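I have placed the structure first, in the form of structure tokens, so that the comments after it can refer back to it.
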Amino acid sequence: MRTQLLLKFYFSLVFFFILISKSVLAEEVQLIPTDIDNEIITTIYKAKGNTLFLWLYSEAGPQKTEEKIIRELVNKNIEVWRVDLFSSHFLPVAASSMDRIPDSDFSQLIEYAYQKTGKKIIPVTTGRGSLPLLRGARLWQTTFPKSTALTGVILMSPKFYIETPEPGVEGKLQPIVEQTNLPIFILQPKKSPWYWKLDKTIPALEKSGSDVFVKRINGVRDRYYFRPDADKYEKKISSQLPKTLKQAAKSLIALPYKKRKVVISQNKKLNIQTSKKERRLKSFRGNPNPPTLRLSNLKDKIVDLKNLRGKVVLVNFWASWCPPCVHEMPSMQRLQDRFFSKGFTILGVNMAEDKKTVQQFLDTKVDVQFPILFDENGAALKTWGVFAFPTSYIVDKQGKIRYAIFGGVDWEQESIIRKIEQLVNE
């Protein structure tokens, strides 16, 4: 009996070390050399399948939750190479570093991975990581014109704009967006300002011939799979991300391969503007005549901005899932309380949430008395040029937009109070 127990213990111990050895073999850090006398730090998670993801860090850097996602992808027979271009070039983890990554790094990595494995190469990234990924892929197309390494790319919540413009100013896309000719699969959360820009970003990507697939993900925000404040539903959808990524890869692989013409342009990449802008109410720089704003309120009655001529109106675009929006609402209510008798009012334009959700939010989270309007299909958001949540406009008594601001703010600041006082006394 004792001998049997010893044998069981022995074989259990042997099995344990076999598992450890397999785990170690499955994850390997390599320094992959480049033509510019540099080495790319790459963690390789081996798998048996014929698909390989080149996982490029975003401006947020490596995330703990990515490790779990990658291991599940390996279980689904997708090999993953996790690429750290920040450490490879001694760069800080920041959006500004995205402009300092050599295009040749990713270009060479695509071909290197293909030559080493023979697998279908699909780069994956999120946020601002989309820009160096697309630039590197484009350089690969010109450097290795006969190679068939690259199957397509997967972009999660891609950020294609140079910066978030001030209200009333047209946003500018990075030149690489219109110069790209690749199979592209976008995973776009609907609780995101970038969701409402798809009508501009998709045609821009298609301009040079890209085939663009889009999966719109309901009920989640950008970075949902690694948000520290992720809610229960976002965590649930995060658990489904490996399956979603595999389905995206299948869509790209199923697309018939074709030789793609590469746009050769002398346009230089434009640096991402990363310095924090001062959050203050500024004079509006766009067309002072406001777009139409005619929406229903919680009681299904139509409220028309035109009918408020003679009042000073704060038009605020917000959502219940946007923390800065929620944070600023109490000070907005106090601002209305202070100036309501002088002809000041607020219109809170909710961005595409249903009335039940908004009513529950108002009943349990924030108590405000100003009208809440419903932009159910995002039409008002688009015509008003909203790029960030929240965004606010101040309309004077003559119906002209005088001031605007994007981002949350304390509406009881002395500088804001003085501006409102001036407007209500005109």
Notebook entry, point to check: Somewhere in segment 72-83, is a residue at pLDDT 95 or above, assigned by TED's automatic domain parsing to the domain that holds K235 and basic (K, R)?
Noted result: yes
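Any chance you could count how many residues in segment 235-261 are among the small types (G, A, S) and farther than 18 Å from L73 by Cβ?
Going through segment 235-261, the residues among the small types (G, A, S) turn out to be 238-239, 248-249, 251, 254.
With the extra rule that they be farther than 18 Å from L73 by Cβ, the set shrinks to 254.
Total satisfying the criteria: 1.
Would you mind stating whether A388 is over 16 Å from R280 (Cβ atoms) and at pLDDT below 95? Give the derivation first.
Working: over 16 Å from R280 (Cβ atoms): no; at pLDDT below 95: yes.
Answer is no for this residue.
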Checklist line | Selection status of V83, β-branched (V, I, T), buried (at least 23 other Cβ atoms within 10 Å of the Cβ) and within 18 Å of T34 (Cα to Cα) | finding: yes
Notebook entry, point to check: What is the one condition in (1) of a type in the set (G, A, S); (2) assigned to a strand (DSSP E or B); (3) at negative phi that G219 does not satisfy?
Noted result: (3)
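Only residues that are of a type outside the set (S, T, N, Q) and either in a strand (DSSP E or B) or in contact with a helix residue (DSSP H, G or I) (Cβ under 6 Å, 6 or more places away or on another chain) (or both): list them for segment 390-406, please.
So the first thing to find is which residues in segment 390-406 are of a type outside the set (S, T, N, Q), and the list is 390, 393-397, 399-406.
Answer for segment 390-406, where residues must be of a type outside the set (S, T, N, Q) and either in a strand (DSSP E or B) or in contact with a helix residue (DSSP H, G or I) (Cβ under 6 Å, 6 or more places away or on another chain) (or both): P390, Y393, I394, V395, D396, I401, R402, Y403, A404, I405, F406.
Just to be sure, is P193 crowded, with 18+ Cβ neighbours inside 10 Å, of a type outside the set (D, E, K, R) and modelled with pLDDT under 95? Give the derivation first.
Details: crowded, with 18+ Cβ neighbours inside 10 Å: yes; of a type outside the set (D, E, K, R): yes; modelled with pLDDT under 95: yes.
So P193 passes the test.
Looking at V349, V358, can you tell me which residue is hydrophobic (A, V, I, L, M, F, W, C), farther than 23 Å from R280 by Cβ and surrounded by 15 or more Cβ atoms within 10 Å (Cβ to Cβ)? Can you show your working first?
Values: V349 fails: farther than 23 Å from R280 by Cβ.
Just a single option satisfies the conditions, and that option is V358.
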Margin query: If the requirement is being out of contact with any Gly (no Cβ under 9 Å at 6 or more places or on another chain) and part of a helix (DSSP H, G or I), which of these qualifies: Q360, Q369?
Written below: Q360
Notebook entry, point to check: Among A60, A47, which is the only one that is out of contact with any strand residue (DSSP E or B) (no Cβ under 7 Å at 6 or more places or on another chain) and among the aliphatic types (A, V, I, L, M)?
Noted result: A60
Note to self: Just to verify a result, which residue in segment 167-187, among those that are in contact with a strand residue (DSSP E or B) (Cβ under 7 Å, 6 or more places away or on another chain) and surrounded by fewer than 20 Cβ atoms within 10 Å (Cβ to Cβ), is modelled with the lowest pLDDT?
What the structure shows: G168
Check: If you scan segment 227-266, which residues turn out to be at pLDDT 95 or above and among the aromatic types (F, W, Y)?
Finding: Y233
Next item on the list: Tell me, please, whether a residue that is in the same structural domain as F53 (by TED's automatic domain parsing), farther than 23 Å from V214 by Cβ, buried (at least 18 other Cβ atoms within 10 Å of the Cβ) and in contact with a helix residue (DSSP H, G or I) (Cβ under 8 Å, 6 or more places away or on another chain) can be found in segment 144-160.
Entry: yes
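The values are calculated or read from the model by the stated rules, or taken from the named source; none is laboratory data. Fair warning: this is a prediction, and the values are worked out from it, not measured in the lab. A quick note on method: Cβ atoms are made from the backbone with ideal geometry, for glycine too, and the neighbour counts reach across all protein chains shown.
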